[in-house]
1. Whether any residue in region 106-127 is modelled with pLDDT of 95 or more, near the ligand (Cβ under 10 Å from one of its atoms) and in a helix (DSSP H, G or I) is what I want to check.
2. Taking the condition of being touching a residue at least 40 places away in the same chain (Cβ under 8 Å), charged (D, E, K, R) and away from the ligand (no atom under 16 Å from the Cβ), how many residues in region 60-83 meet it?
3. Yes or no: region 46-59 includes at least one residue that is among the polar types (S, T, N, Q), within 15 Å of the ligand (Cβ to nearest atom) and either out of contact with any Gly (no Cβ under 8 Å at 6 or more places or on another chain) or part of a loop (DSSP other than H, G, I, E, B) (or both).
4. Give region 194-230 a look and list any residue that's of a type outside the set (A, V, I, L, M), within 15 Å of the ligand (Cβ to nearest atom) and either in contact (Cβ under 8 Å) with a residue 60 or more places away in the chain or buried (at least 24 other Cβ atoms within 10 Å of the Cβ) (or both), or say none.
5. Somewhere in region 317-340, is a residue touching a Gly at 6+ places or on another chain (Cβ under 7 Å) and among the aromatic types (Phe, Trp, Tyr)?
6. Pairs please, first residue from region 123-149 and under 20 Å from Ala63 (Cβ atoms), second anywhere and surrounded by fewer than 24 Cβ atoms within 10 Å (Cβ to Cβ) and of a type in the set (Lys, Arg), Cβ atoms under 6 Å, 6+ apart in sequence or on different chains.
7. Mind counting the residues in region 153-165 that are within 14 Å of the chain's Cα centre (by Cα) and either outside any strand (DSSP E or B) or more than 16 Å from the ligand (Cβ to nearest atom) (or both)?
8. Scan region 27-45 residue by residue and report those that are in a loop (DSSP other than H, G, I, E, B) and either out of contact with any Asp or Glu (no Cβ under 9 Å at 6 or more places or on another chain) or within 15 Å of the ligand (Cβ to nearest atom) (or both).
Amino acid sequence: MQIPFLSLKSITEKYSDEIHAAVQRVVDSGWYLQGKENETFENNYAKYIGSKYCIGVANGLDALIWIVKAYKELGFFNDGDEIIVPANTYIASILAITENNLKPVLVEPTFENLEIDDNKIEERITSKTKGIMIVHLYGRCAYTDKIGELCKKYNLKLIEDNAQAHGCRFGGKRTGSLGDAAGHSFYPGKNLGALGDAGAVTTDNQELAECVRALANYGSAKKYVFKYCGRNSRLDEIQAAVLDVKLKHLDEDNANRQRIAAYYYDNINNPKITLPNRLDDKNNVYHLFPVFCEQRDDFQQYLKNNGIQTIIHYPIPPHKQECYKEWNGISLPITEQIHNQELSLPISPVLTLAEAEEVVRVINRF
Ligand SMILES: *Cc1c(COP(=O)(O)O)cnc(C)c1O
């Protein structure tokens, strides 16, 4: 049996008729940007997340860049201000900060939970700190009441990177509606994935929403009138139409991820393999299923020899990347341990229980 890490082809095939109809509708309409499809998807996604506003943009990185830039345009952030961010995140969260000439302050996660360690945040807050960017990495909710309280106490903006956690909840709310603004990526492999690049910003703040919408459209809210120096970062109508189809099935897709994850948690029992702490399904939509192994590379090769494809998320932490040379010397042992030992098992809306059984059988023999 060959088990792919993620088969985008099978995921698209599942909703093939609806997707083809949606694409055809846009093609035939003759209207390809800033139209009805964007409006419909934005309204439906805002409602789903529980935010007042949703602005479709070109991709997830831009969504985060526009949030930080909008806070600069509105006078909340200035060059050189500090934003607290988890050290083990995907590089996009950090790029969105440095791209805007602000300073990321890297805070370690815990190894058990993989999300930012909320006990290590307060000691890093200075007079320059203006925000915290939490990242719901791997589909796990990173928000805690403590983080919310720190934001209130120090008057910080709470930005969520919700690229990996569409549909995840905290209490009665969804991630993406817990802070002041959230960036979402609809990269094809994400839980809600487009057939190309796409992203969105959600927020309850009207001023911020209007600023983000203008920034992503050349800095213009009124045709040929430019308030800001923006860029072209729009969501196109075809992607919006596809996303609106897939949004209707998101909960069902996430439920399959949760079914597979439950099987992994209940049945992987190899002492060489460590699983992250198990969250309630409300708090985890299992974008990825990370496991940890001291002999990670041997383990990955062994799985490959047995027909199981896996991916490392991620092999090199941001502070060890060439683009951030100034951080290469700093030590972040938990982040480094995660990057040295992490391996993501197959999980997706179309992975079957029979495939998960095979994955577990092979793992338990390692
Ligand atoms: C995918 C991802 C992004 C960026 O999204 P793109 O659409 O690829 O630009 C940002 N943050 C995290 C955590 C991601 O996983």
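The values are calculated or read from the model by the stated rules, or taken from the named source; none is laboratory data. Nothing here was measured: the structure is a model prediction, and the numbers come from that model. Every residue, glycine as well, gets a Cβ built from its backbone with ideal geometry; the counts of neighbours run over all protein chains shown.
1. no
2. Count: 3.
3. Yes, because at least one residue in region 46-59 is among the polar types (S, T, N, Q), within 15 Å of the ligand (Cβ to nearest atom) and either out of contact with any Gly (no Cβ under 8 Å at 6 or more places or on another chain) or part of a loop (DSSP other than H, G, I, E, B) (or both).
4. Asp197, Gly199, Thr202
5. Within region 317-340 (the criterion being touching a Gly at 6+ places or on another chain (Cβ under 7 Å) and among the aromatic types (Phe, Trp, Tyr)), the answer is no, since none of the residues qualifies.
6. Going by the 6 Å Cβ cut-off, the qualifying pairs are Gly131/Lys157.
7. Residues meeting the conditions: 4.
8. Residue satisfying the conditions is Gly30 alone.
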